[in-house]
Amino acid sequence: MNAKKIVIAGGTTFLGQILTAYFTERGVQMVVLTRGANKHENGVNYVHWNGRNLDTWREQLEGADALINLSGKSVNCRYTKRNKQLIYNSRLESTRVLGLALMKAKNGPKIWINATSATIYRHADRPMTEANGLHGVGFSVDVCEKWERMFFRFDLPKLREVTMRTTIVLGKEHGAFGRCKIWQNLVLVVNTETESKCSAGSMLMIFAVQNNELNGIVNLGAPEEVKNEQLMHELRDAVDAPFGLPSPKWMLEIGAVFMGTETELLLKSPWIEPEKLKELGFHWEFPTLEKALAELCAKDLFAATVSKPIVAH
């Protein structure tokens, strides 16, 4: 599908900005639904929405080829009662209102992509594919399960629905990569024993828009599994860190408080197998960790995804 118009909800996020820039450069009319003010900037239409109500923004779906939903409060925070509720609400409400808008659209998109998370899978002991992956337990898993149920609840028979179970997003100065570099510069390294993956996350989203065979739940990750020990070693080489010190779980928990985040984001480790993408012949430009880190350290605009590491020791 050669898209002429794409709507991105939550398009001011890191990944949303990359997708918006990519499609704009190729002449696609881009509409970003944002909590900010209405404006037209750098060829992009920014349209205000609050993620809860159906109002004038839904008119933007008319004539669109694709809708991509990246909305949701960042999970990179402390899991207080208030933050947990905001994480639930921002995902479930935005997905619900987009589904209602799509049902009312007369000439709406042909595909709806909704980002969820690979954290839905349990801790790694084998590859988790879309067909045989087992869910874990806990807050993050519950968020993902409710999110996906909301996404698939709408009767949209003419629409191709794709939910992307995305792993951690890395970018040169954004996402988890920036924080990894901070830790490396402080020569603090987490040693773990599980697999992780890296890939061009934005290109996988683009592939989903363009490939009419891709449907349903899709694992968004790279084809090669990598232990976190290797990730830390190659990251040290990439940023010229002289050495690293093992960080036990208790140390990470203290650090997470000061950084305003949760150790779960680092210690949980699903082993993701992108089976559907492999079957459809997706080509990874950066299939290995070495190539991905080289690109991250060399260019300003890049996104990669990795599976999360597990137990520190």
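The values are calculated or read from the model by the stated rules, or taken from the named source; none is laboratory data. Keep in mind that what you see is a predicted model, and the values were worked out from it rather than measured. Ideal geometry is used to build each Cβ from the backbone, glycine not excepted, and the neighbour counts take in all protein chains shown.
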Query raised in the report: Which is at pLDDT 95 or above and basic (K, R), of R96, R126, R122?
Result: R96
Query raised in the report: Filter the stretch 274-313 for residues that are surrounded by 24 or more Cβ atoms within 10 Å (Cβ to Cβ) and not in a helix (DSSP H, G or I); which is modelled with the lowest pLDDT?
Result: P309
Query raised in the report: Do we find that Q60 is buried (at least 16 other Cβ atoms within 10 Å of the Cβ) and either in contact (Cβ under 8 Å) with a residue 12 or more places away in the chain or within 20 Å of R160 (Cβ to Cβ) (or both) in this structure?
Result: yes
**Report entry** Cβ-Cβ under 7 Å pairs, at least 6 apart or on other chains, the stretch 63-81 side without any contact (Cβ under 8 Å) to a residue 24 or more places away in the chain and assigned to a loop (DSSP other than H, G, I, E, B), far side of a type in the set (D, E) and surrounded by fewer than 19 Cβ atoms within 10 Å (Cβ to Cβ)
**Finding:** none
Report task. Tell me which residues, restricted to the stretch 39-61, are at pLDDT 95 or above and assigned to a loop (DSSP other than H, G, I, E, B). Result -> none
Query raised in the report: Does E262 qualify as being part of a loop (DSSP other than H, G, I, E, B) and modelled with pLDDT of 75 or more?
Result: yes
Query raised in the report: If you scan the stretch 16-57, which residues turn out to be within 23 Å of A208 (Cβ to Cβ), among the aliphatic types (A, V, I, L, M) and touching a residue at least 24 places away in the same chain (Cβ under 8 Å)?
Result: I18, L19, A21, V28, M30, V31, V32, L33, V44
Query raised in the report: Of V32, V28, which residue is touching a strand residue (DSSP E or B) at 6+ places or on another chain (Cβ under 7 Å) and surrounded by 22 or more Cβ atoms within 10 Å (Cβ to Cβ)?
Result: V32
Query raised in the report: So how many residues does the stretch 26-53 have that are in contact with a Phe, Trp or Tyr (Cβ under 8 Å, 6 or more places away or on another chain) and of a type in the set (G, A, S)?
Result: 2
Report task. Examine the stretch 103-118 for a residue that is over 20 Å from A9 (Cβ atoms), modelled with pLDDT under 95, in contact with a Lys or Arg (Cβ under 8 Å, 6 or more places away or on another chain) and not aromatic (F, W, Y), and state whether such a residue exists. Result -> yes
Query raised in the report: So how many residues does the stretch 63-90 have that are surrounded by fewer than 21 Cβ atoms within 10 Å (Cβ to Cβ) and either of a type in the set (F, W, Y) or on the phi > 0 side of the Ramachandran plot (or both)?
Result: 3
